[in-house]
Amino acid sequence: MPSFDVPEVDYTRYSNRQLAGVPLAVLALALLVLAAWYVLNGTPVSLGLEFTGGTELTIHATSAQAASQDAVRQAFSTPVSAVRSIPSRPDTYVATFGSGADASTLQSQARSAGYEVVSTTSTSATFGAQSQRFALLGLLGSFVGMAIIVFVLFRTAVPSGAVVLSAFGDIVIPVALMNVFGIQLSLGTVAALLMLIGYSVDSDILLTNHVLRRSGSFYESVDRAMKTGVTMTVTSLVAMAVMAVVAYAFGIELLTSIGLVLVFGLATDLMNTYMLNLSLLRWYKFEGVSR
Amino acid sequence: MVDVRSNWRVALLVVLVLGSLGALFVPGAGPVVGSAPAENATAGGGPTNLQYGLQLSGGTRVRAPVVGLTAENVTLPSDAGERSTIATTIADDLDNVSSADVRLRLADSAGGEDTVEVFANVTPSQFRSALGAAGLDAESATVRDGVTAATRDEIVETLSNKVNSLGFSGAQVSVQSTVGGDAHYIVVEVPNADLSEVRDLVSSRGQVAVLAYHPANASAQTNDTVLTNEDIRRVSDARMQQGSFGSVPVVPITLTEEGGASFAEAMQRYGYTSSAGISNCQYPNGTPGDEYCLITTRDSEVVGTYGMGETLASSIERGDFQTTNSFVLQTNSMSEARQIAIDLRAGALPASLDIESGDVYQIDASLAERFKPLSFLTGLIAALAVSLVVYFRYGRAKIAAPMLVTALSEVVILLGFSSLAGLSLNLSHIAGFIAVIGTGVDDLVIIADEVTTEQVSSDRVFQSRFRKAFWIIGGAAATTIVAMSPLAVLSLGDLRGFAIVTILGVLVGVLLTRPAYGDILRYLLTDDN
């Protein structure tokens, strides 16, 4: 029968400093990206329409001369802030307008220029500002809630702090990657980030539990936890990667962005759990406890 | 022989899966909760009893706050006449506000307090000064943005009536409030409707009135409202009626007793029933000072003008009209007549919606219908990918096969639940189902690894290992639930559905399916080993 095994890593070859250095450097880089983004654009992440307010029209060109991004720009009397085509759907374009544009007017302009209006999303600026506040509240709320649960589960500062720090990286690094890959923060990606908060601590809890509460040496415990944990994370990662690819091919943008953000997050989680969290646990087990 | 008592979890799982399949596929086993979603079943269609939201069936959703201000901490007189004077005074003091835009509510028996609402774009300070002008204590009154809950309920009811009378099936109208209740939105979801249709529906108030346009003196005309929505008891269908000037579109109505009496009294007082008044209307070309017209208006727009008929005039004079109270509203076109019949039946919206401060979502049915199978297919392919990974990792059908069956049964149970609860599925729910497969398999991996690290010799060893695995699963489940719960309460668009599905999935998983998987593994690994 075919089978693959999780490779065993000889952690004794690396010092805690070496192990923690890589994820911490990546985290610092991610924070730098967010800071630079903030300085350049006024927000740490590029916000989607649901948060900034505005109107987005997905239109399908019914004639050959309408099937170009320039033609789409010409079709509206309101200035178009962005046009993009959808690769998996031929002759389909997404035109974005700033807030204040009237959705019904835009629809009728598109129709009279020879386009079919496939979908329309319009959010007012006030509504968007409110969603922004709620999304931030939601992210903060669930992160704090997760941290509290972790502290209740382990009741010791260093291991719990290690889990929370690694979860923090699991959120921040994907957000920075979103900027790099040009994925906007939408309701869908907020959902993905929240899911990451829940998902990513699973493997950390597993690792910490094996090291602190099971018999056997530190390295035996780590090996066993890794075997299970890596399988878990890789399974989810594959599921999400497949979802992202398939949804992209089908042109379902919401599922694509949720899938991509989770792929970023779960990959980050592998690094954070087995380098950052592990080195902090090892420090705690061998040096921290005796202090 | 399988002992049912020690495998009750597996038995329960099987029962639930069968029940869910029944809820999904048996025709007519639709939603059991609420009556509004039941109408949605027609919008869902397809081979299952699942219902689909706009994203997967097509249509328009408009979400908007109500235009208006509310004054609280006021004391209103108990006399209805005095209250109506106050309302008129407030309306007169404000620009572009009619007395229909001012609503005074007395504290009801269920608690609450006296309130004054104005349903127009006025500033709080303007409203405050109008309250003062009407003799209310403007100093102590607190003026806030928005309207009362009673008004919102009225709007929801009126809008539901309207969408239903327009023949849109599966439409839903509801109130969405933010946490803390500082903002409320009216949400109107209409499957298979275009944005402009829904916009017209929610932005027009549908206030129908009949005005008497009659001489004020020898050379000038004046307007007086003689009938409004409130005076009408029954509305018949719009139709063409043969009149003295050919066939005209009409809406036959029956007035309330008071409405009929006051209408008859007004007609006599203004001189419509006199010989000068009968059939004397050339609006808008007549001579000022010698015109007796009745004008039907809808939201202050003229939709019909006509003179007093001879039959009606004599019936009013004889007093017959006051017993039948039947009247015929005339309009200029049949479409206006139909619109008026709908407005009269559904009632007028107390206030209009501020679409500019809300949001709009519209998706073409053809695209949405395409998303439906594709999104399910996406989920299926993701599940298949999970199966392959699990199979390659374990290479043992005894462990991998029940793992997949268990994870999929979680999704089946959730789908069955959605079908029974009448949940309208959107893309975010499908993402939630995929997330459930993901977390589910994660936990099953933990259980499998935990119990198979060494040869399982006895039931007792199995139990202790399973309990250890469960500690981790419980912890992980708690974090997922906590991480998702803000979304379940914050009104962040469709994310609520996603959060609820994920939380339910985790609960079903931890309480039922994952322990059941443990039982299955125990049976497979300890029995006759």
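The values are calculated or read from the model by the stated rules, or taken from the named source; none is laboratory data. Just so you know, these numbers come straight off a predicted model, no measurement behind them. Cβ: placed from backbone, ideal geometry, glycine included. Neighbour counts: every protein chain shown.
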Original post:
Which is modelled with pLDDT of 85 or more and hydrophobic (A, V, I, L, M, F, W, C), of B:341, B:346?
Top reply: B:341
Subject >> Index of the failed condition, residue B:78 passing every other in (1) within 24 Å of the chain's Cα centre (by Cα); (2) at pLDDT below 85; (3) among the hydroxyl-bearing types (Ser, Thr, Tyr) >> reply: (1)
Subject >> Qualifying positions in region B:488-529 - polar (S, T, N, Q) and modelled with pLDDT under 75 >> reply: B:491, B:526, B:529
**OP:** Quick one: residue A:71 ticks every box in (1) away from chain B (no Cβ under 14 Å); (2) at pLDDT below 85; (3) buried (at least 17 other Cβ atoms within 10 Å of the Cβ) except a single one, so which number is it?
**Re:** (2)
Subject >> Residue count for region B:498-525, restricted to those that are out of contact with any Asp or Glu (no Cβ under 8 Å at 6 or more places or on another chain), within 13 Å of chain A (Cβ to nearest Cβ) and crowded, with 24+ Cβ neighbours inside 10 Å >> reply: 5
**OP:** Report yes if some residue within region B:391-408 is at the interface with chain A (Cβ under 8 Å from one of its Cβ atoms) and under 28 Å from the mean Cα position of the chain (by Cα); otherwise report no.
**Re:** no
Subject >> Conditions (1) part of a helix (DSSP H, G or I); (2) at pLDDT below 80: number failed by residue B:457 >> reply: (1)
**OP:** Answer yes or no as to whether residue A:89 is touching a residue at least 60 places away in the same chain (Cβ under 8 Å), outside the structural domain of residue A:247 (by TED's automatic domain parsing) and of a type outside the set (Val, Ile, Thr).
**Re:** yes
Original post:
What's the number of the condition residue A:265 fails, among (1) facing chain B (nearest Cβ under 9 Å); (2) within 17 Å of the chain's Cα centre (by Cα)?
Top reply: (1)
Subject >> In region A:75-111, the residues that are part of a helix (DSSP H, G or I), small (Gly, Ala, Ser), surrounded by 18 or more Cβ atoms within 10 Å (Cβ to Cβ) and within 12 Å of chain B (Cβ to nearest Cβ) >> reply: A:103, A:104, A:110
Original post:
Can you tell which of A:221, A:215, A:166 is more than 9 Å from every other protein chain (Cβ to nearest Cβ) and surrounded by fewer than 19 Cβ atoms within 10 Å (Cβ to Cβ)?
Top reply: A:215
Original post:
Is it the case that region B:333-340 has a residue that's crowded, with 16+ Cβ neighbours inside 10 Å, more than 10 Å from every other protein chain (Cβ to nearest Cβ) and more than 24 Å from the chain's Cα centre (by Cα)?
Top reply: yes
**OP:** Select, from B:436, B:441, the only residue that is within 13 Å of another protein chain (Cβ to nearest Cβ), out of contact with any Leu (no Cβ under 7 Å at 6 or more places or on another chain) and β-branched (Val, Ile, Thr).
**Re:** B:441
**OP:** Return yes or no: is residue A:154 touching a strand residue (DSSP E or B) at 6+ places or on another chain (Cβ under 6 Å), aromatic (Phe, Trp, Tyr) and touching a residue at least 40 places away in the same chain (Cβ under 8 Å)?
**Re:** no
Subject >> Among (1) in contact (Cβ under 8 Å) with a residue 60 or more places away in the chain; (2) more than 22 Å from residue B:85 (Cβ to Cβ), the one test that residue B:131 misses >> reply: (2)
**OP:** For region A:169-185, state whether one or more residues are within 11 Å of chain B (Cβ to nearest Cβ) and surrounded by 23 or more Cβ atoms within 10 Å (Cβ to Cβ).
**Re:** no
Original post:
Being closer than 30 Å to residue B:491 by Cβ and either hydroxyl-bearing (Ser, Thr, Tyr) or not assigned by TED's automatic domain parsing to the domain that holds residue B:163 (or both), is that true of even one residue in region B:180-188?
Top reply: yes
Original post:
If you take the residues of region B:361-384 that are more than 7 Å from chain A (Cβ to nearest Cβ) and touching a Ser or Thr at 6+ places or on another chain (Cβ under 9 Å), which of them is nearest to residue A:236 (Cα to Cα)?
Top reply: B:372
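Quick grid of which residues meet (1) at pLDDT 90 or above; (2) surrounded by 22 or more Cβ atoms within 10 Å (Cβ to Cβ); (3) aliphatic (A, V, I, L, M); (4) in contact with a Pro (Cβ under 9 Å, 6 or more places away or on another chain):
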site: A:245; (1), (2), (3), (4): yes, no, yes, no
site: A:251; (1), (2), (3), (4): no, no, no, yes
site: A:259; (1), (2), (3), (4): yes, yes, no, no
site: A:265; (1), (2), (3), (4): yes, yes, no, yes
site: A:277; (1), (2), (3), (4): yes, yes, no, yes
site: A:280; (1), (2), (3), (4): yes, yes, yes, yes
site: A:286; (1), (2), (3), (4): no, no, no, no
Subject >> Residue list for region A:112-135, restricted to those being within 13 Å of another protein chain (Cβ to nearest Cβ) and of a type in the set (S, T, N, Q) >> reply: A:119, A:120, A:121, A:122, A:123, A:124, A:126, A:130, A:131, A:132
Original post:
Of all residues in region A:31-62 being of a type in the set (Gly, Ala, Ser) and within 12 Å of another protein chain (Cβ to nearest Cβ), which is farthest from residue A:131 (Cα to Cα)?
Top reply: A:54
Original post:
Restricting to region B:291-319, what's the tally of residues that are surrounded by 14 or more Cβ atoms within 10 Å (Cβ to Cβ) and outside any strand (DSSP E or B)?
Top reply: 9
**OP:** Scan region A:68-89 for residues that are out of contact with any Gly (no Cβ under 7 Å at 6 or more places or on another chain) and not hydrophobic (A, V, I, L, M, F, W, C) and jot them down.
**Re:** A:68, A:69, A:70, A:73, A:74, A:77, A:78, A:79, A:84, A:85, A:87
